[in-house]
């Protein structure tokens with residue numbers, strides 16, 4: 001566009017004009033750039049810098065090189081929470097995406113009470129995580145919680161859902177899926193409404209079944225949305241920790257702890273900012289790898305309309 | 001990152017709340033935790049209001065800051081942000097960390113009349129006295145006691161007036177108290193000992209009873225792999241896994257009181273700080289007893305002390321001392337004990353008429369106090385927050401069956417040794 005404008009205004013575009021133009025552009029970018037530098041780039045660099053020091057209680061920082069990283073590799077809790085985070089992502093991401101797609105396809109059709117149904121699916125997303133965690137805490141309470149009362153009807157014994165390392169992660173995964181799926185549904189719904197109805201009609205004329213149409217036409221066309229949602233879901237699985245504060249505090253014995261929650265504990269409960277910085281660097285690496293994967297690799301492989 | 005944001009926001013709001021005030025009055029901000037049931041924030045607000053009426057030149061803002069860990073986190077974060085509270089109720093055991101952080105001042109340096117410090121129960125002063133200095137004043141202090149449901153005892157054919165006095169007795173009695181429905185599901189457990197939040201505290205109680213100290217006076221050693229500590233955890237785990245009198249998995253500190261009040265368990269180990277909440281909520285007769293013994297009776301002391309922060313100005317520190325003196329005066333200590341169940345911190349409080357008549361009508365009110373002669377200072381070392389996590393993780397690993405007790409404690413000991421190495 002600027003090139004074309006330039007052509008129309010004819011050749012004698014003064015040098016100062018281009019200069020002014022770029023100043024103008026930079027000025028427009030400045031507010032956003034300042035905010036980004038102050039609240040994103042500077043903290044990132046400071047975090048990496050601090051991870052090479054040990055700050056003792058009196059506030060003096062001593063350069064220790066990679067010692068913090070070496071300690072981290074020996075820290076069994078670090079490995080445990082990293083592993084937990086991995087399972088948490090595996091547990092929440094595919095299921096919530098599949099569920100979101102299913103719900104979106106369902107409420108995209110012309111059925112009675114469609115608006116109400118959409119609202120119902122979206123409600124968990126609107127609730128704050130703290131409220132959600134408190135509701136589900138009641139569901140999972142042993143003996144007199146909702147879940148155990150239901151089990152009681154069938155004569156099953158109470159189960160200590162959040163107090164057993166074998167079930168605690170599953171319980172949290174179910175809750176997060178419930179909370180996240182509605183949010184992703186909105187993206188799928190928006191994408192579905194962009195699809196031309198001609199395609200479906202054409203497929204119907206050709207005699208394609210509904211499953212075949214979905215598999216070969218609708219789903220591939222939704223690929224950009226799926227990618228966007230998938231990346232967001234994975235990132236969320238590293239960012240969501242509010243529920244741990246309410247429900248388990250990472251217990252029992254770190255069975256439900258996640259990387260970010262451990263960082264919080266190290267930084268604020270143990271007041272060990274150096275080690276917290278080291279752990280944060282790991283989180284940064286994971287998240288930026290995901291972002292790079294999206295922008296550098298997957299974007300090129302996904303079929304855009 | 002949301003949590004970080006929230007803490008910053010909370011700090012900002014606190015800052016805003018402190019700033020715009022007339023300069024004439026001395027402003028004090030106090031953080032305090034609540035770890036028991038009942039309307040504790042109301043009681044604190046009421047006390048603060050009355051103090052302010054008597055001392056119009058001092059303005060106290062009491063901020064409820066969550067449980068003990070949350071309150072310590074908040075105080076430390078506020079301090080590093082340059083806005084420390086002037087005083088706080090924090091675990092008496094946070095003293096090493098607070099000294100290491102250079103956060104607090106010794107009380108001796110602030111009071112003219114040092115005889116005041118001798119008025120408190122020595123057991124409650126133990127945690128706060130390091131290197132010959134007193135760093136905090138006891139406030140909401142406790143020991144662990146055994147609550148038992150007399151109606152359940154009667155129903156099981158046991159003497160409802162007699163609580164178990166030894167570990168073996170507790171196991172046997174608990175077995176009789178377990179109730180099952182026709183399909184074999186347990187509807188009432190024999191005994192529950194909480195394993196979230198303050199699991200280290202309960203482990204210490206068992207270790208003391210088994211004749212084992214958990215830490216040294218210098219606060220740089222813990223004894224988690226001592227055979228008697230391991231035996232203590234073994235007994236605890238056996239209650240659920242071998243004898244089937246306690247639920248498996250973790251038992252939540254906060255909901256245990258409800259379990260007891262709902263009749264889901266016939267006995268529980270909990271802080272005496274919950275006594276009034278249990279008394280108000282119980283629809284059955286209940287009793288309170290000292291913890292049973294193995295080699296000896298015993299419980300760690302527990303609960304929170306009042307600390308005065310270094311960041312406060314001299315006027316603020318003076319005002320803070322005035323407030324602490326007022327809060328711990330015999331009448332207030334008695335009132336606080338009656339309203340919550342915490343042990344009143346001075347013997348004088350038990351000689352007030354309010355306390356005497358209350359104890360007469362409700363003898364359970366003095367059990368925790370009487371237990372003080374058997375009490376031992378609570379686990380308190382450098383890097384306390386970290387060490388507590390290691391011990392809590394070990395206990396949880398053991399009661400959930402994820403680890404054997406000795407393996408869990410060995411891992412915790414190893415982690416603790418690594419952290420404490422720096423303080424030797």
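The values are calculated or read from the model by the stated rules, or taken from the named source; none is laboratory data. These figures come from a predicted structure and were not determined experimentally. Note: ideal-geometry Cβ built from the backbone for every residue, glycine included; neighbour counts use all protein chains shown.
Of note:
- Here residue A:47 qualifies as more than 30 Å from residue A:213 (Cβ to Cβ) and under 29 Å from the mean Cα position of the chain (by Cα).
- Of all residues in the range B:335-346, those that are in the same structural domain as residue B:45 (by TED's automatic domain parsing) have Cβ atoms under 6 Å from Cβ atoms of residues that are in a loop (DSSP other than H, G, I, E, B), 6 or more apart or on another chain, in B:337/B:344; B:345/B:120; B:345/B:328; B:346/B:120.
- Residue B:90 meets the conditions (1) part of a loop (DSSP other than H, G, I, E, B); (2) away from chain A (no Cβ under 11 Å) in every case but one. The failed one is (1).
- Residues satisfying the stated conditions in the range A:266-283, i.e. facing chain B (nearest Cβ under 10 Å) and either closer than 19 Å to residue A:137 by Cβ or buried (at least 24 other Cβ atoms within 10 Å of the Cβ) (or both): A:266
- Within the range A:148-164, one or more residues are surrounded by 20 or more Cβ atoms within 10 Å (Cβ to Cβ) and touching a strand residue (DSSP E or B) at 6+ places or on another chain (Cβ under 8 Å).
- Qualifying residue in the range A:121-131 (condition: in the same structural domain as residue A:180 (by TED's automatic domain parsing) and under 25 Å from residue B:257 (Cα atoms)): yes
- In the range B:154-169 there is at least one residue that is farther than 20 Å from residue B:234 by Cβ, out of contact with any helix residue (DSSP H, G or I) (no Cβ under 9 Å at 6 or more places or on another chain) and not assigned by TED's automatic domain parsing to the domain that holds residue B:323.
- Qualifying residue in the range A:149-167 (condition: closer than 18 Å to residue B:255 by Cβ, part of a helix (DSSP H, G or I), over 20 Å from the mean Cα position of the chain (by Cα) and modelled with pLDDT of 90 or more): no
- Checking each residue in the range B:244-259 for being outside any loop (DSSP other than H, G, I, E, B) and within 19 Å of the chain's Cα centre (by Cα) picks out B:253, B:254, B:255, B:256, B:257, B:258.
- Which numbered condition residue B:242 misses (of (1) surrounded by fewer than 22 Cβ atoms within 10 Å (Cβ to Cβ); (2) closer than 24 Å to residue A:252 by Cα; (3) in contact (Cβ under 8 Å) with a residue 60 or more places away in the chain): (3)
- Test: residue A:244 is within 14 Å of the chain's Cα centre (by Cα), surrounded by 18 or more Cβ atoms within 10 Å (Cβ to Cβ) and within 14 Å of chain B (Cβ to nearest Cβ): no
Residue-by-condition table, conditions (1) free of Cβ contacts under 8 Å to residues at least 40 places away in the same chain; (2) crowded, with 16+ Cβ neighbours inside 10 Å; (3) within 14 Å of chain A (Cβ to nearest Cβ); (4) over 22 Å from residue B:270 (Cα atoms):
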{"site": "B:27", "(1), (2), (3), (4)": "no, yes, no, yes"}
{"site": "B:32", "(1), (2), (3), (4)": "no, yes, no, no"}
{"site": "B:37", "(1), (2), (3), (4)": "no, yes, no, no"}
{"site": "B:46", "(1), (2), (3), (4)": "yes, no, no, yes"}
{"site": "B:53", "(1), (2), (3), (4)": "yes, no, no, yes"}
{"site": "B:58", "(1), (2), (3), (4)": "no, yes, no, yes"}
{"site": "B:61", "(1), (2), (3), (4)": "no, yes, no, yes"}
{"site": "B:67", "(1), (2), (3), (4)": "no, yes, yes, no"}
{"site": "B:74", "(1), (2), (3), (4)": "no, yes, yes, yes"}
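- Extreme residue, nearest to residue B:80 (Cα to Cα), among residues of the range A:28-83 that are outside any helix (DSSP H, G or I), within 14 Å of another protein chain (Cβ to nearest Cβ) and in contact with a helix residue (DSSP H, G or I) (Cβ under 6 Å, 6 or more places away or on another chain): A:57
- As for the range A:121-129, it holds at least one residue that is over 30 Å from residue A:218 (Cα atoms) and within 14 Å of another protein chain (Cβ to nearest Cβ).
- Only a single criterion out of (1) within 14 Å of another protein chain (Cβ to nearest Cβ); (2) not in a strand (DSSP E or B) is not satisfied by residue B:126, namely (1).
- Test: residue in the range A:220-232 that is at negative phi, within 13 Å of chain B (Cβ to nearest Cβ), under 21 Å from the mean Cα position of the chain (by Cα) and buried (at least 18 other Cβ atoms within 10 Å of the Cβ): no
- A single member of B:280, B:259 is out of contact with any helix residue (DSSP H, G or I) (no Cβ under 9 Å at 6 or more places or on another chain), outside the structural domain of residue B:27 (by TED's automatic domain parsing) and closer than 30 Å to residue A:168 by Cα, and it is B:259.
- The set of residues in the range B:124-154 that are surrounded by fewer than 17 Cβ atoms within 10 Å (Cβ to Cβ) and within 25 Å of residue B:276 (Cα to Cα) comprises B:151, B:154.
- Identification of helices (runs of 4 or more DSSP H) wholly contained in the range B:347-424 with 3 or more residues that are more than 10 Å from every other protein chain (Cβ to nearest Cβ) yields B:353-361, B:367-370, B:405-420.
- Of all residues in the range B:97-123, those satisfying the criterion of being part of a helix (DSSP H, G or I), within 13 Å of chain A (Cβ to nearest Cβ) and surrounded by fewer than 21 Cβ atoms within 10 Å (Cβ to Cβ) are B:99, B:100.
- Apart from one condition, residue B:291 fits all of (1) assigned to a strand (DSSP E or B); (2) surrounded by 22 or more Cβ atoms within 10 Å (Cβ to Cβ); (3) not assigned by TED's automatic domain parsing to the domain that holds residue B:62; the exception is (1).
- Every condition in (1) assigned to a helix (DSSP H, G or I); (2) surrounded by 21 or more Cβ atoms within 10 Å (Cβ to Cβ) is met by residue A:143 except one, and the failing one is (1).
- Criterion: more than 14 Å from chain B (Cβ to nearest Cβ) and within 30 Å of residue B:194 (Cα to Cα) - qualifying residue of A:185, A:175: A:175
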